[in-house]
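Remarks on the structure that follows.
Readers should treat all values here as calculations from the given coordinates under stated rules, not as data from a laboratory. Remember, predicted model here, so these are calculated numbers, not experimental data. Virtual Cβ from ideal backbone geometry, glycine too; neighbours counted across all protein chains shown.
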Amino acid sequence: MNVKVFAFYLPQFYPFHENDEWWGKGFTEWTNVGKAKKLFKGHNQPRIPADLGYYDLRLPIVREQQAELAKEAGVTAFCYWHYWFGNGRRLLADVFQEVLESGKPDFPFCLAWANHTWKAVGCTAGNESPEVLMEQTYPGIEDERMHFEFLLKAFRDERYVRVDGKPFLFVFDAKSIPEEYIRNFKKWTIEAGFPGLYLSGNKPDNMTKQELLDKGFDSVTYGRLGLHAPDSKVKEFLLKVRNRFLSYYKRRPPHVYDYKKEFHGFINEDIDKEIDVIPQLYPQWDHSPRTGPKGNIYINSEPEYFEEHVKEALNAIKDKPEEYQILLLKSWNEWAEGNYMEPDLKYGKGFIQALRKALDEFK
């Protein structure tokens, strides 16, 4: 097998003007991470970084150290979240821009367009304001061209990841992106000398895989974290009653799940073995630093169970052509979602070692 692991990478670990205005001077992801509280007995909070400390991504040495850890884990590339809100408006652009312009770290990468509106909801624990902070827009052809010219600079970098020679681009909200953007991005990529653009994205619950393929996507990924949403009003009511009872009985928030019991549901071998589906890996998850007791929390997220989860994903893709043996790792450093691979004081390099072990055993 020639497995490729693309790890989603969050750049929000340095202060910038808009966050200063919205949340206070010096706000970064570490703000929510550092103020997280234990919500019940045994709750693994706050999470404290180990090897890299509370880093600032403006420092090149930090990005080099991250790349070395990723290599150690067996990660093939960082998939940097990229924010383009329309008419050239970007946020969190500094880190990737410096990676692109400096040529460092010498580590493969690709881009994931986080094409969603930023709202105040969920950004800090207990904050339920519906205020729109930055709206995602699709203004049309001039914006499409401007955006593509930026993407093309990245596509032409020797480090940029390609699938069958095509630059790999991930889209967070696959439903909302206009077909015109997809059509033109693909056309312009070919005109730039590539065999095409390989476009992947999240499959929303209210669209089929085929609808996304017809729209122009080359592959989809199924997000199976928190698959607890009921499919009827009756089930929704019963689930609320159940969660409230368990919350009262166990003295903990209502959305606490056991990773040890749940991880087998993160991979569906019948679906994930399909050539146009990319499985996702989840090392751990705890959204409470952002959303408090209302967030989804996975307990018992241990490296040993993550290793088994990785093996199930590898088994799902083992018969695909090598070019399409791809896994998406969610995520490398989403600390405020409790969703990361980087070393912390509790597990050290446990998740890094678990991924490497699973990959090496499969080879």
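Per the Debye calculation on the chain with a single equal scatterer at every Cα and no solvent contribution, log₁₀ I(q)/I(0) for q = 0.08, 0.11, 0.12, 0.15 Å⁻¹ amounts to -0.39, -0.78, -0.94, -1.57. Can you list the lysines whose alpha carbon sits under 20 Å from that of residue 37, skipping same-chain ones fewer than 8 residues off? The reachable lysines, counting only those whose Cα sits under 20 Å from residue 37, are 250, 294, 346. Within straight-line reach of residue 71, meaning a Cα separation under 20 Å, sit the following lysines at least 8 residues removed in sequence or on another chain: 4, 104, 311, 330, 349, 357, 363. For the chain, a Gaussian network of Cα nodes joined below 10 Å ranks 302, 322, 342 by mean-square fluctuation, and the top entry is 322. Straight Cα distances below 12 angstrom link residue 318 to the aspartates and glutamates 269, 272, 274, with same-chain residues fewer than 8 positions distant left out.
The eigenvalues of the Cα gyration tensor, multiplied by 5 and square-rooted, give region 50-92 an equivalent ellipsoid with semi-axes of 25, 15, 7 Å from largest to smallest. Counting only DSSP H runs of at least 4 residues, each contributing -39500 (n - 2.57), and dividing by the residue count of the chain, the helix-based mean residue ellipticity at 222 nm comes to -10500 deg cm²/dmol. Calculate how many DSSP beta bridges within the chain are antiparallel, expressed in % of all such bridges and rounded to the nearest 5. About 30 percent, rounded to the nearest 5. Charged side chains reduced to their Cβ positions (Lys and Arg at +1, Asp and Glu at -1) give region 1-111 a dipole of some 560 debye around its Cα centre. Across every direction, the projection of the convex hull enclosing the Cα atoms of region 1-152 has a mean area of 11.8 nm². Sequentially through region 307-319, phi angles give Karplus couplings (6.51, -1.76, 1.60; θ = phi - 60°) of 4, 5, 4, 4, 4, 5, 5, 5, 5, 5, 9, 5, 9 Hz, Gly and Pro residues having no value and appearing as x.
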